[in-house]
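Every number in this text was worked out from the coordinates using simple rules, so none of it is lab data. All of these numbers come straight from a predicted model, not from anything done at the bench. As a convention, Cβ positions derive from the backbone with ideal geometry for all residues, glycine included, and neighbour counts pool all protein chains shown.
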């Protein structure tokens, strides 16, 4: 339910370029209008990352913006290893080596490993960035320099 509340807030924030309703079931969306499609959690057992990749593939999008509580992906968990380095760009193969190939609900990784494999196969890139930094999100959408990690 938290992802649904966050999605409604994002839709309200970008109402001028996001006329479509928030998506709760990625398999039911027939049409997409506007520049941004906002989606939220679908059902237990499926990550929101996976939902986003399904929608990106369905509408031939080349990029998914993954907003979370981290500004960038790191080489390791910086809470555990203070020597962990932030990553600006990383290919899918190297990213998948970091996160593995298995996903279970609650797994703490920057992007779901199953969704990562699907995105890699579909040729979709993912931008991981901090969800609280609205100015940074605008920079991403405007294709200006931003803080985050590009995967793919």
Selected from 139, 115, 71 as most flexible by GNM, with the chain as the system and alpha-carbon contacts under 10 Å: 139
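For segment 34-91, report the convex hull volume of the alpha-carbon atoms normalised per residue, in Å³, without decimals.
On the way: hull volume 7.6 nm³, N = 58.
Enclosed volume per residue, from the Cα hull, is 131 Å³.
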Give me the percent relative contact order of the chain, please, defined on Cα pairs under 8 angstrom at least 6 residues apart. 23 percent
Rounded tilt (10° steps) of 2-13 against the dominant C-alpha axis of the chain: 60 degrees
Which residue, 65, 90, 114, has the most motion in a Gaussian network model of the chain that connects Cα atoms within less than 10 Å? 90
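Given the rule -39500 (n - 2.57) for each run of at least 4 DSSP H residues, summed and divided by the residues of the chain, what is its mean residue ellipticity at 222 nm, to the nearest 500 deg cm²/dmol?
Working: 5 runs with 49 residues, N = 152.
Rounded to the nearest 500, the figure is -9500 deg cm²/dmol.
What Kirkwood radius, in Å to one decimal, follows from the Cα pairs of the chain? Walk me through the numbers before you get to the answer.
On the way: mean 1/r = 0.0631 Å⁻¹.
Answer for the chain: a Kirkwood hydrodynamic radius of 15.8 Å.
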Top mean-square fluctuation among 34, 123, 100, Gaussian network model of the chain, C-alpha springs under 10 Å? 34
Cα gyration tensor of segment 96-145, axes a ≥ b ≥ c as square roots of the eigenvalues: rounded (a/c below 1.5), prolate (a/b > b/c) or oblate? oblate
Hey, what angle do you get for helix 113-122 against the long axis of the chain, alpha-carbon based, 0 to 90 degrees rounded to 10? 70 degrees
For the Cα atoms of the chain, what angle does the longest principal axis make with the long axis of helix 48-58, in degrees from 0 to 90, nearest 10? 60 degrees
Sticking with the crude label model, points 7 Å out along Cα→Cβ, report the distance from residue 117 to residue 102 in nm, one decimal please. 1.2 nm
For residue 63 and residue 21, FRET efficiency with R0 = 25 Å and r from the beta-carbon atoms, rounded to 0.05? 0.75
